[in-house]
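Quick notes on the structure that follows.
The values are calculated or read from the model by the stated rules, or taken from the named source; none is laboratory data. In this text the structure is predicted, and so the values were computed from the model without any measurement. Here Cβ is always computed from backbone atoms with ideal geometry, including for glycine, and neighbour counts include all displayed protein chains. Only protein heavy atoms, including side chains, enter the accessible area calculation; ligands, DNA and RNA are left aside. Shrake-Rupley method; radii C 1.70, N 1.55, O 1.52, S 1.80 Å.
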Amino acid sequence: MQTELFTSSDPHWLGKQVVVLPGFVLDRFERLLPALRQIVLAAPFRNMTTPGGRTIAVRVTNCGELGWISDLHGYRYSPVDPLSGKPWPALPEVFLELARSAAHSAGFEDFTADACLINSYLPGNRLTLHQDRNERDFSQPIVSVSLGLPATFLLGGHTRAERTQRVALQHGDVMVWGGEDRLRFHGILPLQDGRHPVLGARRINFTLRKAG
Ligand code: MD3
Ligand code: FE
């Protein structure tokens, strides 16, 4: 008999050190959402520019001691929001706790995030294959949380040319990766149109990182 209000299923391992925890944040969503709203009021979603001068379609913001930014000077972490000139909003306790507990479930002890990049996708938005290499210590894991519309995640190898596997990510799913899988290429296919009952026609993904 199903007695849980929120359904989460067993972890599935996509690589030695990449795991999806289906529904991991569903029971925290009620606490996550107001925290997310506060952040976005203080540091709104915005488009950033690549060093090559292109606009990144996915809109981003950050919270934590450090925030990921991109402009004509490059990709890097910054302690201040370039829009406001002020520090990014603090990492809410509910984010820190979920990061630590998801990392623990994946076998990474004592993970303390100091940065959180928040991505907002509208239907049609995609994230092309890339590696996350702006963090100082690649032995630290990354914890990602998917909310709103479902998306297809592409998990590649250590070179751009290697074939990718497709992974469906649903509202509430968490993915943790580290170790030998930390530098794998990855991306998101163009978001399909749809409507999430709470978040509407969009997907929000946030990644908790130890950047500094
Ligand atoms: C790397 N975000 O912000 S979750 C990013 O859904 C980013 O918005 C995507 O890539 C998003 O940099 C994907 C992050 C993720 C998940 C699994 C990975 C990155 C990964 C597995 C291996 C390497
Ligand atoms: Fe990434």
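Here are the numbers for this structure:
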{"read-out": "Wholly within the stretch 73-168, strands (runs of 3 or more DSSP E) carrying at least 2 residues that are touching a residue at least 12 places away in the same chain (Cβ under 8 Å) and among the aromatic types (Phe, Trp, Tyr)", "value": "74-78"}
{"read-out": "Among (1) surrounded by 15 or more Cβ atoms within 10 Å (Cβ to Cβ); (2) under 14 Å from the mean Cα position of the chain (by Cα); (3) farther than 18 Å from VAL20 by Cα - the single one ASP173 does not satisfy", "value": "(3)"}
{"read-out": "Among (1) within 16 Å of ligand 2 (Cβ to nearest atom); (2) over 12 Å from the mean Cα position of the chain (by Cα); (3) open to solvent by less than 30 Å² (accessible area, probe 1.4 Å); (4) of a type outside the set (D, E, K, R), the one test that LEU189 misses", "value": "(3)"}
{"read-out": "Selection status of LEU189, farther than 24 Å from ARG76 by Cβ, within 11 Å of ligand 1 (Cβ to nearest atom) and of a type outside the set (Gly, Ala, Ser)", "value": "yes"}
{"read-out": "Count of the stretch 17-60 residues which are part of a strand (DSSP E or B) and in contact with a Ser or Thr (Cβ under 8 Å, 6 or more places away or on another chain)", "value": "7"}
{"read-out": "Pairs with Cβ under 8 Å, 6+ apart, first in the stretch 20-46 and at positive phi, second among the β-branched types (Val, Ile, Thr)", "value": "GLY23/THR7"}
{"read-out": "Residue, nearest to ligand 2 (Cβ to nearest atom), within the stretch 98-122, restricted to residues that are more than 15 Å from ASP181 (Cβ to Cβ) and open to solvent by 50 Å² or more (accessible area, probe 1.4 Å)", "value": "LEU122"}
{"read-out": "Test result for ARG46, within 16 Å of ligand 1 (Cβ to nearest atom) and open to solvent by 60 Å² or more (accessible area, probe 1.4 Å)", "value": "no"}
{"read-out": "Given (1) at pLDDT below 95; (2) in a strand (DSSP E or B); (3) of a type in the set (S, T, N, Q), index of the condition THR7 fails", "value": "(2)"}
{"read-out": "Filter result for the condition that a residue is modelled with pLDDT of 95 or more, among the β-branched types (Val, Ile, Thr) and either within 23 Å of ASP27 (Cα to Cα) or within 16 Å of ligand 2 (Cβ to nearest atom) (or both), over VAL80, VAL145", "value": "VAL145"}
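Condition check ((1) under 28 Å from ASP193 (Cβ atoms); (2) not charged (D, E, K, R)) across all residues:
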{"site": "PRO92", "(1), (2)": "no, yes"}
{"site": "LEU98", "(1), (2)": "no, yes"}
{"site": "HIS104", "(1), (2)": "no, yes"}
{"site": "PHE108", "(1), (2)": "no, yes"}
{"site": "ALA115", "(1), (2)": "no, yes"}
{"site": "TYR121", "(1), (2)": "yes, yes"}
{"site": "LEU129", "(1), (2)": "yes, yes"}
{"site": "ASP137", "(1), (2)": "no, no"}
